Every structure is written in structure tokens, then in C-alpha cells.
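Coordinate-derived values only; no laboratory data. Keep in mind that this is a model prediction, so the values were computed, not measured. All Cβ positions, even for glycine, are placed from backbone atoms using ideal geometry, and neighbour counts span all protein chains on display.
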Amino acid sequence: MKVGLYARVSTHDQQTLVLQREVMEAYVQQRAWEVAVKGEEIGSGASERGQREALMRAARRRTINAVVVWRLDRWGRSLADLVGTLHELQALGVGFISVSEALDFTTPTGRAMAGLLAIFAEFEREILRERVKAGIAQARKRGTPHGRPPTVAHHSAAVQQLGATGLSQSAIARQLGISRTSVRRFLR
């Protein structure tokens, strides 16, 4: 079985990158698997993760049979991101193994755990959706504007009038409190 290893730490100060690598390599060696791809990154979950994407590309090309990580939180940015990538890997027929949590999504029990994670991710999305709706309702009640900011169309007469006087696009934008790009697009 060919696997891809993925390790990540959030900052240069954290010293667990070597530990993660050693634990994963021992796990793979114990099972006589072959490491086809290794990815290691230093950065927060919100930053770009090119090495993780390289592992996903390897999975899509079917050059690996499983992804091995030290812990689930090293792989996913959020629960929704974790579930989304796990779902994609499952659809590709690529396993996912978290060594520290003893989760192996290549087994029936592991797939059941993946299903539970999907349920919790959906629950999290529903709660967020309800909070957003409640916030919008409260803003409407207070009369606070919400949603996208007004476009240049609301200022069309003023833009045309100021444009006809020879005022620059930047000056029109500053005077009306809208972007110069919006003014330029409107005056085209």
C-alpha cells in the first residue's frame, strides 16, 4: 500500500514536526507500507497549504492509497474543511488514517466515525445559518442596514453630473464615497 504522510505545525516555535514525522513513519513501517509522498508545513490553519493540496492531487491521480496524519487537527482547517476533504478522499477510494486518535477510515468502524463527523459538520453549519438569520432579523428590527453596500447605480445621476463637469474619476469617487473602479465602470 502506498501512502502519503502529512505533518503541520502552526509556528516555527513548535517542535513537534519531527515527532509527527517519526510517529507516522514508524506506523507505516510497522505495516510494511510504502511512503509515496511526504508533506510538511509550518503555518496556521488559515494560511495556504500547498503540501496538503499536493497530497490531494496525488490522491486524485490515485498514486496513493491512503493519507496518514499525526492528528486530525493537523489536517483540517475546520470541521467543515476536514469533513469535505475526508468525503473527497472517500469518494476517490483513498483511505485516511490519524495515528494519535487511532482513526482508520479504511475500516468499517472508521467509516462510521467519518459519518458521525459529517453529521456534526452539518449541525455546525445549521447553527451558523440560524445565527446569521437571527443577526439579520435583529439588524432589520433596529433599522441597521445590512447586506451588500449600495452600488454606484444609487449614485448614477450624481456620477453623470460630476463626470460632465470634467471632474476626475478619483475626485468623483472621493466626493460620493464610492470606489474609483465603480465610477470608471459606470462612465464607460
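Based solely on its DSSP helices, what 222 nm [θ] is calculated for the chain when runs of n ≥ 4 H residues each add -39,500 (n - 2.57) and the sum is averaged over all residues, nearest 500 deg cm²/dmol?
-17500 deg cm²/dmol
With the simple spin-label model, which puts each label point 7 Å out from Cα in the Cβ direction, the Lys141 to Lys2 separation comes to 5.9 nm. The residues Tyr27, Tyr6, when put in order of fewest to most other Cβ atoms within 10 Å, stand as Tyr27, Tyr6.
Based on the mean of other Cβ atoms within 10 Å per residue, sort peptides 88-99, 120-131 so the most packed one is first.
Details: 88-99: 18.0, 120-131: 12.1.
Sorting 88-99, 120-131 by mean packing, highest first, produces 88-99, 120-131.
Database remark: amide H of Phe96 closer than 5 angstrom to the amide H of Val67, Phe105, Thr106 (H placed geometrically; neighbours at sequence offset of 5 or more, or on other chains; Pro and chain starts carry no H). Listed values for segment 54-60 are Karplus-derived 3J(HN,Hα) couplings in whole Hz (6.51 cos²θ - 1.76 cosθ + 1.60, θ = phi - 60°), namely 5, 5, 5, 5, 4, 5, 5, and x replaces Gly and Pro.
Phi angles across segment 104-119 convert, under the Karplus curve 6.51 cos²θ - 1.76 cosθ + 1.60 with θ = phi - 60°, into 3J(HN,Hα) values of 10, 6, 8, 9, x, 5, x, 5, 5, 4, 4, x, 5, 4, 4, 5 Hz, Gly and Pro given as x.
Between Ala32 and Thr106, how high is the FRET efficiency from 1/(1 + (r/R0)^6) when r is the Cβ-Cβ distance and R₀ = 22 Å? Nearest 0.05.
Details: r = 15 Å, r/R0 = 0.70.
It comes to 0.90.
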